[in-house]
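Worksheet for the structure shown next.
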């Protein structure tokens with residue numbers, strides 16, 4: 001089974017999971033988002049896409065979903081990393097924000113992290129403005145709130161990959177068994 005994993009990682013937390021997946025599933029091709037050849041996805045049996053969450057949207061996912069009609073017969077796994085707790089409600093929010101209810105894909109949410117120092121200057125500015133606005137509404141000290149965000153938060157946990165890896169291996173086994181049957 002030919003598999004590609006395409007990922008987008010802004011501050012490194014999604015990449016930590018990608019590295020673990022690559023070690024656990026050694027027979028896959030791993031490609032950063034900016035180097036992906038989107039027109040060649042039809043050459044793969046399984047497509048894995050990973051990216052960070054921002055306001056429940058999986059960054060870069062729209063690029064993959066735009067190709068869906070050409071790859072809808074493939075096994076598609078999507079994982080997203082974020083700093084909010086992984087709950088059924090959160091998963092439903094992500095499904096709705098990305099329009100995933102219209103696609104046949106497997107979605108996995110994984111705890112990620114946040115590192116202000118690794119963000120672009122624009123993102124830092126937007127976060128600072130948002131925190132100042134939120135602090136003012138809740139009568140909090142904006143400087144204290146901002147200083148908390150400047151400390152990296154790493155909630156990655158490779159145990160959250162276990163379910164996705166198990167399902168991938170089952171899909172792969174089923175694929176290989178089907179191929180053997182067709183060869184007979």
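Every number in this text was worked out from the coordinates using simple rules, so none of it is lab data. Since this is a predicted model, take the numbers as computed values, not measurements. Cβ placement follows ideal geometry from the backbone for every residue including glycine, while neighbour counts extend to all protein chains displayed.
So for 53, 100, fewest C-beta neighbours within 10 Å to most, what's the order?
On the way: 53 23, 100 17.
In order of increasing Cβ crowding within 10 Å: 100, 53.
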Margin query: So I have (i) 17.9; (ii) 18.3; (iii) 16.9, and one of them is Kirkwood radius over Cα pairs in Å calculated from this model. Which one is it?
Written below: (i)
Next item on the list: For the chain, set up a Gaussian network in which alpha carbons nearer than 10 Å are linked by springs, and say which option among 56, 43, 69 fluctuates the most.
Entry: 69
Check: Using 7 Å Cα-to-Cβ label points, what is the residue 19/residue 166 separation (nm, one decimal)?
Finding: 2.6 nm
Item checked: Burial order of peptide ranges 104-110, 161-167, 84-90 (average beta-carbon count within 10 Å, highest first) -> 104-110, 161-167, 84-90
Margin query: Just to be sure I understand the model, the point goes 7 Å from the Cα along the line to the Cβ. What's the resulting residue 83 to residue 182 distance in nm?
Written below: 4.6 nm
Notebook entry, point to check: Expressed as an acute angle from 0 to 90° and rounded to the nearest 10, what is the orientation of the C-alpha long axis of helix 13-24 relative to the principal long axis of the chain?
Noted result: 30 degrees
Check: Out of the DSSP beta bridges found with both residues in the chain, what percent are antiparallel (nearest 5)?
Finding: 15 percent
Checklist line | Gaussian network model of the chain, springs between alpha carbon atoms under 10 Å - residue of 150, 137, 34 with greatest fluctuation | finding: 137
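What FRET efficiency comes out for residue 1 versus residue 54 if R0 is 25 angstrom and r is the Cβ-Cβ distance? Round to the nearest 0.05.
According to the calculation, E is roughly 0.20.
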